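The values are calculated or read from the model by the stated rules, or taken from the named source; none is laboratory data. As the structure is a prediction and not an experimental result, all values here were calculated from the model. A quick note on method: Cβ atoms are made from the backbone with ideal geometry, for glycine too, and the neighbour counts reach across all protein chains shown. Ligands, DNA and RNA are excluded from the accessible area calculation, which covers all protein heavy atoms including side chains. Shrake-Rupley method; radii C 1.70, N 1.55, O 1.52, S 1.80 Å.
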Amino acid sequence: QLVYPYDFRLTEKEKTSICYLSFPDSYSGGLGDTQFSFRLRQSGGQRTAHYEDDGEYNREAPLTLQRESAHYFGYVYFRQVKDSSMKRGYFQKSLVLVSRLPYVNLFQSLLQLIAPEYFDKLEPCLEAVCNEIDQWPPPVPGQTLNLPVMGVVIQVRIPSRVDKPGSSPVKQFNQENLLPAPLVLPSIHELDLFRCFQPVLIHIQMLWELMLLGEPIVVMAPSPTVSSEMVLALTSCLAPLRYCCDYRPYFTIHDSEFKEYTTRTQAPPNIVVGVTNPFFIKTLQHWPHILRVGELRMSGDLPKQVKVKKLAKLKTLDTKPGIYTSYKTFLHKDKTLIKRLLKGIQRKRPSEVQSALLRRHLLELTQSFIIPLEHYIASLMPLQRAITPWKNPPQIRPFRQEDFMKTLEHAGPQLTCVLKGDWLGLYRRFFKSPNFDGWYRQRHKEMTQKLEALHLEAICEANIVAWMKDKSEVEIVDLVLKLREKLVRARCQHLPVKEETLQRVGLYIETIIGSLPEDLQAVLHHH
């Protein structure tokens, strides 16, 4: 019906997809308001970024909160109420916020403020809200922002890559004595994991392994809210490791990728997809892991836990909740986590305390797994003394899986993790997953930039005049061109180099040019 701001260009395909994804696609008897999220592949090629600071934001933000380049997130507020004046007997409408940022808590909180007003006052309300949002500062990692909207100030801290993993978000202080007191969001993106994972708490380890290995998973849920929260909770459980596969918190049969995902001619893609339409039980029953969750039910103290079942048991219509898979975990179950969570339930601990326990457990698990990899990859970096000013920096040595496996005997996960099991088997499977590929590329890129930076520092320390003594003009001109190229690259890629180093290299270049005959000087200055 309406896109605001008006100049935001979406392709027809994107508009259609957003429309289908903004409504529950299976009959939900529930009246009232619901909120959920989706993620949508951009169509029609890259659009010019509105954000010139993309690079800067993505360099400083945690990998898990980077701005997406090829996908949009949609945050939905859907209202369904009885209305006899409507043809269907119901008023049904959704307000959707589209962004490249995965700030699920911020945007859903924002919708809770805007949507009820919008359904009441319509377009003028959106215009007023957008004018306010236009004044918001850009998200800068590490900063706490005060965001005024509709008479409320939302206060959030944007996480930064240098935050210590697992440290609780800094308690925000209302320093400016803002009146009215701000609405403080403890986190911009972290879900209430304990609530999301309630029916599968005893299988958390298996789910963590499936996510780590980038396995294809279908989440079948009774509503888009449950489906999108479960998918987002799953993709967040590897932090600080980035989940590099595709994921769809909510997916409908109208989606343009429907054929791609349901075809039986090739293996299912590495993706986690959340669905609610029972039709998917039939079309996706060849997928290797299907998590079916019902509406939340309590059984005694613990929410009712689903069972692991064989895929053959997947009945087409009245499928019971369960994890349908033949997967055997590599690691043994951690009983202490369940005991601690149970104790928390009996003592009626608040959900956020339970979530913190769960998040800490998953973080320690991921770190135990990743630290040996980090140690090994760091050992592939050339020694600092091998970096000399007048030679290209040495190469990073190749990652050899067997060499890595040998390091595990004395420096494996067993140092930091009590869990027993087949860690070697888990690493071997991990090497085949997109998550390993993504992690390795990211590290390799960072190490290459570090080498480049160290090389620039070495050039700065060197005695350039002594070097030039016995060199021909050709060699000197060649050096000028190479140094220039290095300088441009350091600035473009924002290499981790001190500004003074760059300035000194600039001066070097001027000094060298100054020592050359005038005709050459002119050419180089022009160049």
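A few notes on this one:
- Search result, residues across region 231-253 that are in a helix (DSSP H, G or I) and under 20 Å from Val96 (Cα atoms): Val231, Leu232
- So Lys164, is it charged (D, E, K, R) and either surrounded by 14 or more Cβ atoms within 10 Å (Cβ to Cβ) or over 20 Å from the mean Cα position of the chain (by Cα) (or both): no
- Residues located in region 244-278, provided they are of a type in the set (Asp, Glu), under 22 Å from the mean Cα position of the chain (by Cα) and either over 18 Å from Leu291 (Cα atoms) or open to solvent by less than 30 Å² (accessible area, probe 1.4 Å) (or both): Glu257
- Evaluating Ser256 against the criteria (1) at pLDDT below 95; (2) closer than 22 Å to Val308 by Cα; (3) in a loop (DSSP other than H, G, I, E, B) leaves one unmet condition, (2).
- Test: residue in region 496-507 that is more than 16 Å from Lys450 (Cα to Cα), open to solvent by less than 70 Å² (accessible area, probe 1.4 Å) and part of a helix (DSSP H, G or I): yes
- Residue list for region 210-230, restricted to those being under 20 Å from Tyr103 (Cα atoms), hydroxyl-bearing (Ser, Thr, Tyr) and open to solvent by 20 Å² or more (accessible area, probe 1.4 Å): Thr225
- Cβ pairs under 7 Å, 6+ apart, first in region 328-342 and closer than 20 Å to Ala356 by Cα, second part of a loop (DSSP other than H, G, I, E, B): Asp334/Leu419; Leu342/Asp301
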